[in-house]
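Input: a single structure, listed below in structure tokens.
The values are calculated or read from the model by the stated rules, or taken from the named source; none is laboratory data. Computed from a predicted model, the values in this text were never measured in an experiment. Every residue, glycine as well, gets a Cβ built from its backbone with ideal geometry; the counts of neighbours run over all protein chains shown. The accessibility values were calculated without ligands, DNA or RNA, using every heavy atom of the protein model including side chains. Shrake-Rupley method; radii C 1.70, N 1.55, O 1.52, S 1.80 Å.
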Amino acid sequence: MKEDKLKVEKIKNGTVIDHISAGKGLDVYKILKGIEKQSIIIAINVPSTRMKRKDILKIENKQLGTDEFNHVALISPSATVVSIKNYKVIRKHKIDLPDKIKGILKCKNPVCISNYETYIVPEFSVISKDPIVLKCAYCEHEFKM
């Protein structure tokens, strides 16, 4: 057995979010809903051959929804989401930032209509994925994540 391998308990059913940018694991944890009572393993700043350093989340009994995928993509576009069932990988997804983001963020322009009209759902076009640059659909304000 290699001595330099990370030793983290397997989960029976749930989700592993791997290849999170180092230092962003807690940010990813904070945006996930319905995990308060689940068993969660968070590994911060661990060695990675692909990234030098990374964070990992293992969440028992949780599958990510579309909005959560998009949220994770905004925080760490390099992340990989792995679905686990009976200790086996059933699906592996490379996170990909969609062309449009809706209902997740608020516009950074304080006078944007989407910030004070409750019937308007904030919506953004992704102008660039590296670095992430978004453009508001209502006021056309552009900003970096």
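Residue check, F124 against (1) part of a helix (DSSP H, G or I); (2) modelled with pLDDT of 95 or more, all met but one. Which one? Result: F124 passes all but (1). Please find, within the stretch 111-126, the residue that is surrounded by the fewest Cβ atoms within 10 Å (Cβ to Cβ) out of those that are β-branched (V, I, T) and out of contact with any helix residue (DSSP H, G or I) (no Cβ under 8 Å at 6 or more places or on another chain). That would be T118.
Taking each residue of the stretch 110-135 that is of a type in the set (K, R) and looking for partners that are at pLDDT 95 or above with beta-carbon atoms closer than 7 Å, six or more apart or interchain, yields K135/F124; K135/S125; K135/I127; K135/E142.
Pairs linking a residue in the stretch 43-65 that is part of a strand (DSSP E or B) to a residue that is crowded, with 22+ Cβ neighbours inside 10 Å and among the hydroxyl-bearing types (S, T, Y), with Cβ atoms under 7 Å and 6 or more positions apart or on different chains, are I59/T15.
Exactly one residue out of E36, E68 is surrounded by 17 or more Cβ atoms within 10 Å (Cβ to Cβ), free of Cβ contacts under 8 Å to residues at least 40 places away in the same chain and not hydroxyl-bearing (S, T, Y): that is E68.
Just one of (1) of a type in the set (K, R); (2) assigned to a strand (DSSP E or B); (3) under 16 Å from A73 (Cα atoms) trips up K33, so point out which. Just one mismatch for K33, condition (2). Within the set K102, K94, K129, K108, the sole residue that is open to solvent by less than 90 Å² (accessible area, probe 1.4 Å) and not small (G, A, S) turns out to be K129.
Filtering the stretch 76-85 to residues that are open to solvent by 90 Å² or more (accessible area, probe 1.4 Å) and in a loop (DSSP other than H, G, I, E, B) leaves nothing.
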